[in-house]
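Chemist: I'd like to ask some things about the structure below.
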Amino acid sequence: MFRRSPAFALAGLACAALTLTACGSDSLSNTGSSSAASSSDTASASASASGSASASGSESAGSGGMDFAAALPEKIKSAGVIKIGTDATYQPNEYLDADGKTVIGMDVELFDAIAAKFGVKTEWIPTGFDSIILGVSSGKYDVGVSSFTVNADRMKEVTMVSYFKAGTQWVTQKGNPKGVDPQNACGMKVAVQKGTVQVDDLDARSKACTDAGKEAITPLVDPDQAKVTAMVQSGKADAMLVDLPPAIAAVDLTGGAVELLGEQYDSAPYGYVLPKDQTAFGEGIVEALKALEADGTYKQILTKWKTEGGAITDFAVNPSVG
């Protein structure tokens, strides 16, 4: 979960109450992080307002004459269901509803709308973020949908389809009482979610510290983003690194006990994760995204979740990334 590219100046805590558009095209706004999120392998059937749970064969005709059903892998076609691995601790993108078992969020609603184009249902299966790619490669899940940043290393293992973009954000306690400097965090304790690109980012920053003869950064790693946020709120961690959507959500969730520090950076696409050999299915997903963008559904869903600033139009299979 992570990105790469240009930075955007945020207006601190005030930006947390605004939509992505209000904060800028490279900015994102959310609703909070769910501490009730489960990392279990218990399946959660999730039907969005797009009607994916009741999708009929007529949906597969799509727009522009695209036969979406023809692009479906046989396994999914015969089952009539796409099994999706997701880390349901990443509000507002994917998290558990108040019932503690139904997965909801921006990613969920958007991919449910995609599945409806193919005429199949979705089954959302909460699991650890760092196990999803392996689960897709092994056939445990048909698709991984969990705010994955597209990067070259991941595309060596799987096929990825871009659908959104976001960047990385530093977060501290309100007022930054520890005096964290993102450009010089040597000797600090910084929390990150396990398996994210932010872990690599933190490792590189720590190495720069030790290479300069300074104290290393102490990483505090947890598989649950809600617990990562809690470490900052409680003062156990001096700061955290996280995608901008859950960063802004954390400000809201904690009632302003934490705040954004500086600018987001390394903006890059999010991608759906498919088995390496399923590029045809990936192309079908691209066409479904184009159809949803054309009829306004794509923008409507992102606006509902206050993430419209991350909208893209260049949906692609295995896009080029820096």
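Chemist: Would the range 263-278 turn up any residue that is surrounded by fewer than 17 Cβ atoms within 10 Å (Cβ to Cβ) and over 26 Å from G128 (Cβ atoms)?
Modeler: Taking every residue of the range 263-278 in turn, none turns out to be surrounded by fewer than 17 Cβ atoms within 10 Å (Cβ to Cβ) and over 26 Å from G128 (Cβ atoms).
Chemist: So which of K140, K156, K194, K121 is of a type in the set (D, E, K, R), touching a helix residue (DSSP H, G or I) at 6+ places or on another chain (Cβ under 6 Å), open to solvent by 50 Å² or more (accessible area, probe 1.4 Å) and more than 28 Å from V232 (Cα to Cα)?
Modeler: Going through K140, K156, K194, K121 in turn, the sole match is K121.
Chemist: Related question: Can you tell which of D203, D181, D130 is surrounded by fewer than 20 Cβ atoms within 10 Å (Cβ to Cβ) and within 14 Å of the chain's Cα centre (by Cα)?
Modeler: It is D130.
Chemist: Next question, about the same structure. (1) at pLDDT 95 or above; (2) open to solvent by less than 20 Å² (accessible area, probe 1.4 Å): which one isn't true of A250, the others all being true?
Modeler: (1)
Chemist: With the condition kept exactly as written, say whether any residue in the range 52-61 is at pLDDT 95 or above, outside any strand (DSSP E or B) and either more than 24 Å from V242 (Cα to Cα) or not aliphatic (A, V, I, L, M) (or both).
Modeler: Within the range 52-61 (the criterion being at pLDDT 95 or above, outside any strand (DSSP E or B) and either more than 24 Å from V242 (Cα to Cα) or not aliphatic (A, V, I, L, M) (or both)), the answer is no, since none of the residues qualifies.
Chemist: Name the single residue that is nearest to S78 (Cα to Cα) among those in the range 133-178 being within 17 Å of the chain's Cα centre (by Cα) and among the basic types (K, R).
Modeler: R154
Chemist: For the range 279-295, how many residues meet the condition of being closer than 12 Å to A113 by Cβ and open to solvent by 30 Å² or more (accessible area, probe 1.4 Å)?
Modeler: Total satisfying the criteria: 2.
Chemist: Can you pull out every residue in the range 206-222 that is open to solvent by 50 Å² or more (accessible area, probe 1.4 Å) and of a type outside the set (A, V, I, L, M)?
Modeler: K207, T210, D211, G213, K214, E215, T218, P219
Chemist: Any idea how many residues of the range 296-317 are surrounded by fewer than 19 Cβ atoms within 10 Å (Cβ to Cβ) and not hydroxyl-bearing (S, T, Y)?
Modeler: 8
Chemist: When the range 75-109 is examined, which residues are found to be touching a strand residue (DSSP E or B) at 6+ places or on another chain (Cβ under 7 Å) and either open to solvent by 20 Å² or more (accessible area, probe 1.4 Å) or in a helix (DSSP H, G or I) (or both)?
Modeler: I76, G80, V81, K83, Y95, D97, K101, T102, I104, D107, V108
Chemist: When you check K165 against the structure, is it of a type in the set (K, R) and under 26 Å from T307 (Cβ atoms), yes or no?
Modeler: Answer is yes for this residue.
Residue by residue, here is whether (1) touching a helix residue (DSSP H, G or I) at 6+ places or on another chain (Cβ under 6 Å); (2) touching a residue at least 12 places away in the same chain (Cβ under 8 Å); (3) open to solvent by 10 Å² or more (accessible area, probe 1.4 Å) holds:
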| position | (1), (2), (3) |
| --- | --- |
| K236 | no, yes, yes |
| A239 | no, yes, no |
| A257 | yes, yes, yes |
| L261 | no, yes, yes |
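Chemist: Sticking with this structure for a sec: Please work out which one of (1) touching a Leu at 6+ places or on another chain (Cβ under 7 Å); (2) under 27 Å from W170 (Cβ atoms) is the condition Y298 fails and give its number.
Modeler: (2)
Chemist: On the given criteria, is S162 open to solvent by 10 Å² or more (accessible area, probe 1.4 Å), of a type in the set (S, T, Y) and outside any loop (DSSP other than H, G, I, E, B)?
Modeler: In short, no.
The values are calculated or read from the model by the stated rules, or taken from the named source; none is laboratory data. Please read all numbers here as calculations on a predicted model, not as lab measurements. Here Cβ is always computed from backbone atoms with ideal geometry, including for glycine, and neighbour counts include all displayed protein chains. Just so you know, the surface numbers come from the protein's heavy atoms only, side chains and all, with ligands and any DNA or RNA stripped out. Shrake-Rupley method; radii C 1.70, N 1.55, O 1.52, S 1.80 Å.
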